[in-house]
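The values are calculated or read from the model by the stated rules, or taken from the named source; none is laboratory data. What you see is a predicted model; the values in this text were computed from it and never measured. Glycine also receives a Cβ, built like all others from the backbone with ideal geometry; neighbour counts cover every protein chain displayed. Accessible surface is based on the protein model in full, side chains and every heavy atom, while ligands, DNA and RNA are left aside. Shrake-Rupley method; radii C 1.70, N 1.55, O 1.52, S 1.80 Å.
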Amino acid sequence: MPTVRDLRDRIRSLKNTQQITKAMKQVAAAKIRRASTAQHQAQPYATALSDMLRDLMAAVGSVDHPFLKPGTAGAPKGVILMTADKGLAGAFNSNVIRSGEQLARAQGPVVWYAVGNKARNAARRFADRETFAQSLSLGQKIDTARAVAAKVTDDFVAGTISEVVLVSSKLVSMTNQRPETRTLVPIVAPEREKATGPRAEVEFAPSPEAVLTRLLPKYLEFTIFSAMLETDAAFFAAQLLAMNNATENAGKLIDELTLQMNKARQAAITKEMLEIVGGAEAQTG
Amino acid sequence: MAKTIPFRLITPTAAAFEGEAELVIGVGTEGEEGILPSHAPFLTALRPGILRANAVEDGQPRRREFATSGGFMQALPDRITILVDHALTPDEVDVDAARAELQSAQERQKAHAPQTAEFALEAANIDFANARLALRTGA
């Protein structure tokens, strides 16, 4: 049976933990707002970009662009593994990492490109050597996205990798984030719409092929960028949930321990009273 | 008043301009392209440069200028959309940073042979830096 003092110490330390988790929860809540604003602001660009891509794909016959052709046969796949930089968000990072690991196991050898510190650590472990890695939240995300896009493009064009796959988190809802695997390169044309109305005769300068050649790298860059924004928002959502649960659990534990402590204190008082009464009786007897 | 058309200038992080315009002039890869309302569907790549728009804000004509990096301009009969990596108003231009970038891009370009991708990339950086400086000095 723990003593009253032991229990009091444990309760105190739990209360401290609870304060920390509560603070982290509030920070996450504030950061979610910022992250989803950023995501929201990127939306018009995303819509306009895929709009243009669709027009272009409908207009061009065949384009001699490496992104539209299957990659070098027999080369390993390139996997961009994207996680947050930090933990304390439940299974958020490990879910993504596990998805990547399963993919690698199913598809044979892969070349890792890590975005986010947790992904970097995992990729280092999988590949058993240093891999290309970028931090998720350090610096401007768009610059990071550009660097990653440039690296995978170089490797793809050089034939070191046969395709580019992205494993990242999808923010399904504030309480639900799950890993998602997408093939980025070779680029598959978005659904071709029936060419009707004025959209049918779009004019291109200098030529649809030339515009497409410029647009495709942007498309890759932006897809990575928007996945980074989504990972960011999903991370804070996961952290909010995890910290909320932790705060609740700490509260429950504190209640339980307080009850135990009161019982122990009561028992000690009772015991002391019995001793006094026993002593008094022995004197009078 | 002249006819206007909804015009949006979008970067990956924000909408730099959203409103009505009478005329939009972008620096296309084939030279400057001026777009008026009811233009036939048109899509072009843009080079870094100064983007000009005769905007109409609160019923008043207003000239808007942005230094933009490379991107794309899509004109449809009912709207104009421009996608660029960066779009800066004259107030947003950091002259010192632009000068420094111009210099370092020129240095880096020397290391590459013409006709290579790296050379073209640095040329774009130089153009963007020049556009920012030109916009600020009102040249």
For residue A:5 and residue A:183, what is the calculated FRET efficiency with R₀ set at 35 Å and r taken between the beta-carbons, to the nearest 0.05? 0.05
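What quantity of accessible surface, computed with a 1.4 Å probe and excluding non-protein components, is buried in total between chains A and B, in Å² to the nearest 100?
Values: alone 16470 and 7750 Å², together 22010 Å².
Summing both sides, the interface buries roughly 2200 Å².
Any chance you could run the full-extension gain for residue A:23 through residue A:272? It's 0.36 nm times the residue separation minus the Cα-Cα distance, nm to one decimal.
Between residue A:23 and residue A:272, full extension yields an extra 85.4 nm.
Expressed as a fraction of 2.2 N^0.38 Å, the rule-of-thumb size for a compact globular protein of N residues, what is the C-alpha radius of gyration of segment B:1-116? Provide the component values of the computation, followed by the final result.
Details: Rg = 15.7 Å, N = 116, 2.2 N^0.38 = 13.4 Å.
Expressed relative to 2.2 N^0.38 Å, the Cα Rg reads 1.17.
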So what's the angle, to the nearest 10 degrees on a 0 to 90 scale, between helix B:95-110 and the longest Cα principal axis of chain B? 50
Any chance you could give the angle, 0 to 90 degrees and rounded to 10, that helix A:141-158 forms with the longest Cα principal axis of chain A? 50
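What does the C-alpha gyration tensor say about the overall shape of segment B:51-120? Classify as rounded when a/c is under 1.5, otherwise prolate if a/b is larger than b/c, or oblate.
Details: a/c = 4.53, a/b = 1.75, b/c = 2.59.
In terms of gyration-tensor shape, oblate.
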With N denoting the number of residues in chain A, provide Rg(C-alpha) divided by 2.2 N^0.38 Å, to two decimal places. 1.53
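What does the accessible area per residue of segment B:5-88 come to in Å², with a 1.4 Å probe and no ligands, DNA or RNA counted? Could you put the intermediate results ahead of the total?
Working: 2990 Å² over 84 residues.
Per residue, segment B:5-88 has 36 Å² of solvent-accessible surface.
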How tilted is helix B:117-137 with respect to the longest principal axis of chain B? Cα atoms for both, answer in degrees (0 to 90, nearest 10). 60
Taking a ≥ b ≥ c as the square roots of the eigenvalues of the Cα gyration tensor, with a/c under 1.5 meaning rounded and otherwise prolate when a/b exceeds b/c and oblate if not, segment A:123-272 is prolate
Calculated P(r) of segment A:1-134 - Cα pairs past 23 Å, %: 63
Taking R0 as 22 Å and r as the Cβ-Cβ distance between residue B:20 and residue A:209, the FRET efficiency 1/(1 + (r/R0)^6), rounded to the nearest 0.05, comes to 0.10
Under the classification rounded if a/c is under 1.5, otherwise prolate if a/b is larger than b/c and oblate if not, where does segment A:12-75 fall, given a ≥ b ≥ c as square roots of the Cα gyration tensor eigenvalues? oblate
Relative to the isolated chain, which residues of segment A:201-239 have their accessible area cut by 50 Å² or more in the presence of all protein chains (1.4 Å probe, heavy atoms, no ligands or nucleic acids)? A:203, A:205, A:206, A:214
